[in-house]
Amino acid sequence: MLAFALAVGTASVPFDVRHYQLLLQPELATRSVRGEERIDLDLLANGREIAFDAGALQVDEIRLRGRALQFRREDKRLIVDLGVEQPVQRRLSLQIRYHGMPKFGLEFHPEAGEIYTIFSTSQWMVAVDAPSQRATLDLSVVLPNSWRAVGTGDAVLIHHLDRDHDVRRWRLTTPMPSYVYGFVAGDLERAALPENGVALDLLADAAHAQRARTVFAATADVLSFFAEKAGVPYPHRRYSQAVVVDTIGQELAGLSLLSDAYVDDAANGKRTVGLIAHETAHQWWGNAVTCRDWNEFWLNEGMATFMTAAYLQHHDGEAAYVEAVNGWRERIDALRAKGADKPLVFPDWNKPSGDDRAVVYQKGAYFLHVLRGELGEKAFWQAIRDYTRAHMNASVQTRDLQQAMELASGRDLSALFNEWAYGARP
Ligand SMILES: [Zn+2]
């Protein structure tokens, strides 16, 4: 587990988070949270200051071996003074108490009776956002006892807290990046799905449960398809999907979030199973094989977008794949016409525009389609399997994909990768 901690604040020491343990108390009526958190980490250098991401949370107290530590904020960063210089490789266990009213990252929907996390983990817990930082998670959330909930990791026995509340707990024992941590909880129903080797969960509100059962019926087939393409079985014991009030779709560890509107549109034939496939593809490409930093985000999103089209080709036939490829091509032409085209590997991924996202998603997918055409079916899918197997639960760079494609095809692909991925850069 190598860490590439950001050197924000000149004195911040690089470190490797091993484990987070969190007891979170969200309150629907006030849209607020309280958290009691433990972070276990190893220092990777001598030093006395370390930096976390903490959104807009109000940190009340940080303790190390029972002693209160000084800390300060630098915008969204939380800088912790360890009191004295600590030696490299020292294992530290910090106890943090905080509260706050996250404006995003944790969605409160009192009208629907739902609370769920979305995209920005450091808005509701102190964490390291960098996707290269993988750690295990023990997540407990205090929730109304009438609610159903799913979270990242294996569910542990429910603890009854008082007449109205339970503590729901999940243990994620495979180290994963913090952006795939989260949970969905609410006044939801459980809908059964046909299974094929992987246990499935589907939660939706009463108005959508019946429709969701139909819309998500292909889930087992989606999982088998990607397991075969990846050359690696689905990496968790259970795959949960939750239909929530509002999201564009989000992948978490062993859990995907989709919206009520998606279910309505898919039930009416206005949307395909593509979004289900996209979020499921991330269980391999994104969550398990993770871009080393956000500059190489196309390795998550271009891959998931391409894999969605590959699934639609299998599920709906050749025309569905061709339609997706033509859509990507049109988007790239539009980017080029307005001078917004960029290499897939960004020099920095900071406040990306809609066009930047199109580069990462659609152009990324199209480049994989180009590679598929260049290498042919056998070598291309061999390369995908080799790449996925070699980098499960690890961070990747574009050159890792290039290497797998070159080894499988026996060809030097540097001209293609320079043209599409690196641009003018070597
Ligand atoms: Zn995605």
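The values are calculated or read from the model by the stated rules, or taken from the named source; none is laboratory data. A quick note: this is a predicted structure, and the numbers were derived from the prediction, not measured. Ideal geometry is used to build each Cβ from the backbone, glycine not excepted, and the neighbour counts take in all protein chains shown. Calculation scope for accessible area: heavy atoms of the full protein, side chains included, ligands and nucleic acids excluded. Shrake-Rupley method; radii C 1.70, N 1.55, O 1.52, S 1.80 Å.
The set of residues from the range 268-290 being charged (D, E, K, R) and open to solvent by 10 Å² or more (accessible area, probe 1.4 Å) comprises 270, 271. Remark: pairs (first residue in the range 363-389, in the same structural domain as residue 346 (by TED's automatic domain parsing); second residue of a type in the set (A, V, I, L, M) and open to solvent by 50 Å² or more (accessible area, probe 1.4 Å); Cβ separation under 7 Å; 6+ apart in sequence or on different chains) = 386/407.
Entry remark, the range 366-380: residues being more than 16 Å from residue 413 (Cα to Cα) and either open to solvent by less than 20 Å² (accessible area, probe 1.4 Å) or part of a loop (DSSP other than H, G, I, E, B) (or both) number 0 in total. Criterion first (more than 24 Å from the chain's Cα centre (by Cα) and modelled with pLDDT under 95) does residue 29 satisfy it? Here the answer is yes, as residue 29 does meet what is asked. Answer yes or no as to whether residue 48 is of a type outside the set (Ser, Thr, Tyr) and within 28 Å of residue 169 (Cβ to Cβ). No, not satisfied. Would you call residue 286 within 14 Å of the ligand (Cβ to nearest atom) and outside the structural domain of residue 204 (by TED's automatic domain parsing)? So residue 286 passes the test.
Within the range 27-42, track down each residue that is of a type in the set (Asp, Glu) and open to solvent by 40 Å² or more (accessible area, probe 1.4 Å).
Matches in the range 27-42: 27, 36.
For the range 231-278, which residues satisfy the criterion of being touching a helix residue (DSSP H, G or I) at 6+ places or on another chain (Cβ under 6 Å), within 16 Å of the ligand (Cβ to nearest atom) and among the small types (Gly, Ala, Ser)? If the condition is that a residue be touching a helix residue (DSSP H, G or I) at 6+ places or on another chain (Cβ under 6 Å), within 16 Å of the ligand (Cβ to nearest atom) and among the small types (Gly, Ala, Ser), then 249, 253, 256, 274, 277 are the ones that fit.
Annotation note: of 247, 290, the sole residue that is touching a Ser or Thr at 6+ places or on another chain (Cβ under 6 Å) and at pLDDT below 95 is 247.
Could you tell me whether any residue of the range 90-101 is within 22 Å of the chain's Cα centre (by Cα) and surrounded by 13 or more Cβ atoms within 10 Å (Cβ to Cβ)? No, there is no match, as no residue in the range 90-101 is within 22 Å of the chain's Cα centre (by Cα) and surrounded by 13 or more Cβ atoms within 10 Å (Cβ to Cβ). A single member of 304, 281 is within 12 Å of the ligand (Cβ to nearest atom) and either in contact (Cβ under 8 Å) with a residue 60 or more places away in the chain or touching a His at 6+ places or on another chain (Cβ under 7 Å) (or both), and it is 304. Any residue at all in the range 175-182 that's out of contact with any strand residue (DSSP E or B) (no Cβ under 7 Å at 6 or more places or on another chain) and closer than 19 Å to residue 279 by Cβ? Yes; the residues of the range 175-182 include at least one that is out of contact with any strand residue (DSSP E or B) (no Cβ under 7 Å at 6 or more places or on another chain) and closer than 19 Å to residue 279 by Cβ.
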